[in-house]
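Q: Questions regarding the structure given below will be posed in turn.
Nothing in this text is a laboratory measurement; each read-out follows from the coordinates by a stated rule. Remember, predicted model here, so these are calculated numbers, not experimental data. Counting neighbours? That spans all protein chains shown, and the Cβs are built from the backbone with ideal geometry, glycine included.
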């Protein structure tokens, strides 16, 4: 599959009273001439395997770095 470009857009929100994330959602745009089924399979594989979407789903520690 030849890719000409990929764009990912993410957004999320917070429940202000509880200071809790309401979740993160994202969309993926793939610029390619490949069939839609192949594009969908690629996006599904990437969604299941890399650390970037997996880390927030598992929860993340937040710490302040020492200056």
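Q: Based only on Cα atoms, what mean projected area does the convex hull of segment 3-54 have, in nm²?
A: The orientation-averaged projected area of the Cα hull of segment 3-54 comes to 4.2 nm².
Q: Something else about it: How high is the FRET efficiency between residue 57 and residue 2 when r is their beta carbon distance and R₀ equals 35 Å, given to the nearest 0.05?
A: After rounding, the FRET efficiency stands at 0.70.
Q: Next question. Take peptides 27-40, 7-20 and line them up by average Cβ neighbours within 10 Å, highest first, as a rough protection proxy.
A: Numbers: 27-40: 12.0, 7-20: 9.3.
In decreasing order of mean packing, 27-40, 7-20 become 27-40, 7-20.
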